[in-house]
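Throughout, read-outs are computed from the coordinates displayed, never taken from laboratory work. Values in this document were obtained by computation on a predicted structure and should not be read as measured data. Using ideal geometry, Cβ is built from the backbone for each residue, glycine included, and neighbour counts are taken over all protein chains shown.
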Amino acid sequence: MESGDIARRSRALVTAVAVTALLIALYTVVSRLSGPEVYGPDDSEIAVAAGGRFTVEVPDDPGGGFHWIVAAPRPDPAVLRPAGERVPDGGGTRWLDFRAVRPGRTDLRLLRCHRCATGAAYEPGARALNFRVTVG
């Protein structure tokens with residue numbers, strides 16, 4: 001094998017690695033820019049395509065003993081399902097993720113509660129958020 005062949009193969013390998021790295025970076029940027037729609041406490045209507053995802057951003061104070069739950073009446077699982085939650089290291093905000101299963105309408109009720117037992121909506125400091133979710 002001649003040294004010219006080795007140099008050509010090395011250049012091809014370096015080019016392939018560089019293109020792969022560029023594609024990964026591009027995918028990361030596009031997926032962050034086109035990520036799920038984020039809704040907040042001031043929103044009441046959510047529209048999402050079937051198979052899509054969305055996030056509800058709520059204030060969080062883990063030191064106060066309160067946390068957020070999907071409360072009764074729970075959304076129709078044929079239309080909407082919880083898909084996890086995220087809390088940054090510093091706290092202050094919690095993101096609740098949801099996945100739209102198929103077309104339909106359902107209500108989503110979130111409750112900030114301490115004990116989260118029967119009657120939790122009436123606890124001092126409790127807070128409820130209600131959303132009408134339309135999946136198209």
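Table for the structure above
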{"read-out": "Cα Rg over Rh - the range 33-85, Kirkwood", "value": "0.97"}
{"read-out": "Per residue convex hull volume, Cα atoms of the range 77-118, in Å³", "value": "99"}
{"read-out": "Label-to-label distance, nm, for residues given as Arg105 and Arg81 (7 Å Cα→Cβ offset)", "value": "2.4"}
{"read-out": "Virtual spin-label span in nm between His67 and Cys116, 7 Å along Cα→Cβ", "value": "0.5"}
{"read-out": "Efficiency of FRET from Cβ geometry, Thr134 and Arg9, R₀ 41 Å, rounded to 0.05", "value": "0.15"}
